[in-house]
1. Kindly check whether there is at least one residue in the range A:122-140 that is open to solvent by 60 Å² or more (accessible area, probe 1.4 Å), among the β-branched types (Val, Ile, Thr) and more than 14 Å from chain B (Cβ to nearest Cβ).
2. Among the residues of the range B:328-345, is any within 16 Å of the ligand (Cβ to nearest atom) and among the β-branched types (Val, Ile, Thr)?
3. Select from the range B:340-366 the residues that are within 17 Å of B:Arg146 (Cα to Cα) and aliphatic (A, V, I, L, M) and write down the one among them that is surrounded by the most Cβ atoms within 10 Å (Cβ to Cβ).
4. Of the residues that sit in the range B:178-200 and are acidic (Asp, Glu) and under 16 Å from B:Arg225 (Cα atoms), which one is farthest from the ligand (Cβ to nearest atom)?
5. Name the single residue, out of those in the range A:141-154 being more than 7 Å from chain B (Cβ to nearest Cβ) and open to solvent by less than 40 Å² (accessible area, probe 1.4 Å), that is nearest to B:Tyr306 (Cα to Cα).
6. Examine the range B:495-504 for a residue that is assigned to a helix (DSSP H, G or I), under 24 Å from B:Ala547 (Cβ atoms) and either modelled with pLDDT of 90 or more or among the aliphatic types (A, V, I, L, M) (or both), and state whether such a residue exists.
7. Quick one: B:Ser116 ticks every box in (1) of a type in the set (Gly, Ala, Ser); (2) closer than 26 Å to A:Leu221 by Cβ; (3) without any contact (Cβ under 8 Å) to a residue 60 or more places away in the chain; (4) within 9 Å of the ligand (Cβ to nearest atom) bar one, so which box is it?
8. Select from the range B:184-211 the residues that are among the hydroxyl-bearing types (Ser, Thr, Tyr) and at pLDDT 90 or above and list them in ascending order.
Amino acid sequence: MRSPTPKRHHKAARLLLVAAALLVTGGLYAVVAPATSVAAPTPEETVARGQELFAVSCASCHGLNGEGAGLLNETAPSLIGVGAASVDFQMRTGRMPMANPYAQAPNKQNTFTAEEIAAISLYVASLGDGPAIPDPGQYDPSGLSAAEVAVGGDLFRTNCSACHNFQGSGGALPNGRVAPPLLDAEPIDIHEAMRTGPGEMPVFADGAIPDKDVRSMIAYLDQVHAQPSAGLTLGGLGPVSEGFWGWVAGLGILMLFATWITKKAARK
Amino acid sequence: MAKPTNVDPEVPQGVSPEKADTSLAASAAGGTVGWVDDRVPVSGFGRKALRKAFPDHWSFLLGEVALYSFIILLLTGVFLTIWFKPSMAEIEYEGTYALMRGIPMSEAFASTLEISFDIRGGLLIRQIHHWAAILFVAAMIAHMLRVFFTGAFRKPRELNWLIGVGLLQLGMIEGFAGYSLPDDLLSGTGLRFVDGLIRSIPIVGTWAEFFIFGGEFPGELVIPRLYMVHILLIPGLLLALVSAHMALLVYHKHTHFPGPGRKQTNVVGQALFPVYAAKAGGFFFIVFGVTILMGALMQINPVWLYGPYNPAQVTAGSQPDWYMGFVEGAIRIIPNWEWHLLGTTWSWNIALPGLGLMGLFAILPAIYPFVEAWITGDKSEHHILDFPRNAPNRTAFGVAAMTCYGLFWLSGGNDILATQFGVSLNQVTEVMRVLVFAGPVIAFIVTKRICLSLQRRDHERVLHGSSSGVIVRQPDGGYSEAHAPITTEEAFTLTQHHEPAALEVAPETDDRGVRRRGGKQVGSLRARLSRWFAHGRIAKPTAEEIAEAAHHGDHELEEGDVHELPTEEEAATH
Ligand code: HEM
């Protein structure tokens, strides 16, 4: 490392130069790099990013262009026209990407970031029109009157309890399918599930149950789950568990007492 | 160690009416008894009744649980009638429960909400009432099983058994009527189910539906009608039958388990007064207490969550209370058989499992005592109970019937089984379709084998004593376990039962070759059944065998204790 004009420079110059260079590149990076991430990617970029992610995580089942029946899974449906809400619901609740292609995808921990989900949603939405991801105003349950919430309860019992049980404890459906419990469902989940109809669940479109009623139903579920129960709920499953506990706890305990009382007397 | 199976010889046993252990009762209650004696025509046994002895075994208290829960039902039921409005008139709810405000509902449902949320203690009483109903029927069934498996239904108690069968049927109907009263979503769904059952009655079904509901389902009449049935008609019948049941019980006296000093002519146990009275009284409070605790701690029938009945609604987990579950199950699993003949519909898919099974559930228990008596030709009185193992065919039949009932019952919760155990609803249904037929057969065979093994064990104990747990090494190097002889009392208990002979086919002609006319002849089918019923057992050891074994026992420590047990076939030739 010989400089062509060594004598004209101080010893430290070389060091300073390196430091300056570092500073400049570092500084430049500090200025430029955030700038690239702050500048929102164009929708086209997001869709492209979504398509990339989709190709990695989803295409094996849903096909490279979301046309369905991919290599791994004949039954995977086409995603053309399912809408961003469907992808958002399926991914946030951890159902997609599906792990076991034969069973009903369970509600499990989601491992994708919000950005990734948003990108894939946007990509799938670009394939065809479908329900969009709802704004908070569409599912926020606050600010409803008691009567509106009560109507939400009635709507829930009319439309949902046949599968999800009267207080959303879940229920069985034919062929090993289940309607999951709704105790942990977020308001946005309920809205999206209704609009997109995951799995065996029917679609409840805006025309049938407008957003306002959806909010009432969400509010009803929230309040029903928050209110105190009249003792142990025994699973909230109805008369089957009541009968079971009647025999086990009721008659069972009484027979223990009966054994005790007859033993006691015999010994005098 | 020799463990006495049933009787502790140390314990002084009250014996009545032969022994004076109950004299205290007589003197304390004499006045009352005397008074009754003078007035009630049936008082011939009045005096004895109060001195009546009750045996001590936990299973004898099952009937009491049923009786006490009935009393609890009467008490809490009267409380509920004060506020309950048996009306199907539609109103808009304006009460305290916010999540129902403004919802249209019947007055019956609104008043149930009022009882639950506005009447002090109302919810507790409702829950106690409902838990007591669950317990009432459960205790009746358990009590009935006790009576069945110990043979307590035999002569002279057949009538009381029939009353018991009637009580159970009425209890189920009463419970169902009560379940329908609040007019919530489950009530209405249950009524809809019954509506279907009624309509499936061939030919008259539709007419019967219009008769009962006063028009098409649900109409405006059914709840007021059920109310009358629930608080007047059936409680009245139940009270009458319970009284008759108790009167017959007092008249016949209690049965008792076999043991030394326990005869067909006495009853060994605590005298009714004062020991038994104190115990029974105490037990009433225990039953009441447990029921109150259940009402206080365990939510039951939360009607405010089901909402008012609305024919357009239904909920997952719509089931009847448990005692109707077997009918529900049968209907859930039967294939969809239906005929359309000449413009009529024959819904076998509902008529068979619904009406057929309910009919069977009433008829089979009712006729069983008479069928068994016919098969065995047994006309004697029985006051000593059977150990279930000593009547293997009856026990096996009972377990088979329980299995069948239990499987139908489980099928009634097929959706809950599917979700709770993560299996497919369809698979549960298909498996149950096979199991309701195969299960009872397997249960019969297994139970009978178990009974026979237990009989072999008894045989073994009587002849060779109980294992002592001491392993002895013989001089020649072999090992054997020493046996300790059992007490005489236990030996008695294990060998006291009768081994009635099977009926023989009556010969066509008498011994002089003259053809018999009419009369009670034993046909070949009956004889065959009788032989099958009587011979399925291990013969108890004869006196000679016992004597020989006792002699043999002296050498027991020297000899390896190897002996052969009779097989069932061998036993049959005894
Ligand atoms: C003897 C056996 C009886 C059984 C098995 C029985 C069973 C039932 C059941 C299961 C219910 C539904 C309770 C609920 O809402 O969770 C009920 C309700 C009712 N029972 Fe009974 N009950 C009996 C006797 C009585 C008697 C004697 C009365 C009145 C004298 C009575 C009065 C009522 C009333 C008024 C209701 C409706 C109130 C309500 O549901 O809140 N019950 N009964």
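The values are calculated or read from the model by the stated rules, or taken from the named source; none is laboratory data. If you're wondering where the values come from, they're calculated on a predicted model, not measured in any experiment. Counting neighbours? That spans all protein chains shown, and the Cβs are built from the backbone with ideal geometry, glycine included. These accessible areas exclude ligands, DNA and RNA; they are computed on the full protein's heavy atoms, side chains included. Shrake-Rupley method; radii C 1.70, N 1.55, O 1.52, S 1.80 Å.
1. Checked against the condition, which is being open to solvent by 60 Å² or more (accessible area, probe 1.4 Å), among the β-branched types (Val, Ile, Thr) and more than 14 Å from chain B (Cβ to nearest Cβ), the range A:122-140 yields at least one hit.
2. We begin by selecting, within the range B:328-345, every residue within 16 Å of the ligand (Cβ to nearest atom); these are B:328.
With among the β-branched types (Val, Ile, Thr) added as a condition, the list becomes none.
No, the conditions are met nowhere in the range B:328-345.
3. Ranking the candidates gives B:Ala366 first.
4. In the first step, residues of the range B:178-200 are kept if they are acidic (Asp, Glu); the result is B:183-184, B:195.
Pick out the ones that are also under 16 Å from B:Arg225 (Cα atoms) and you get B:183, B:195.
On the way: B:Asp183: 9, B:Asp195: 19 Å.
Applying the filter and picking the extreme gives B:Asp195.
5. Only one residue tops the list, namely A:Gly152.
6. Within the range B:495-504, the first condition is being assigned to a helix (DSSP H, G or I), and the residues that meet it are B:495.
In the following step, the residues that additionally are under 24 Å from B:Ala547 (Cβ atoms) were identified as B:495.
Imposing the further condition that a residue be either modelled with pLDDT of 90 or more or among the aliphatic types (A, V, I, L, M) (or both) reduces the set to none.
The answer is no; no qualifying residue exists.
7. So B:Ser116 meets the others, but not (3).
8. Step one: filter the range B:184-211 for residues among the hydroxyl-bearing types (Ser, Thr, Tyr), giving B:187, B:189, B:200, B:206.
Selection gives B:Ser187, B:Thr189.
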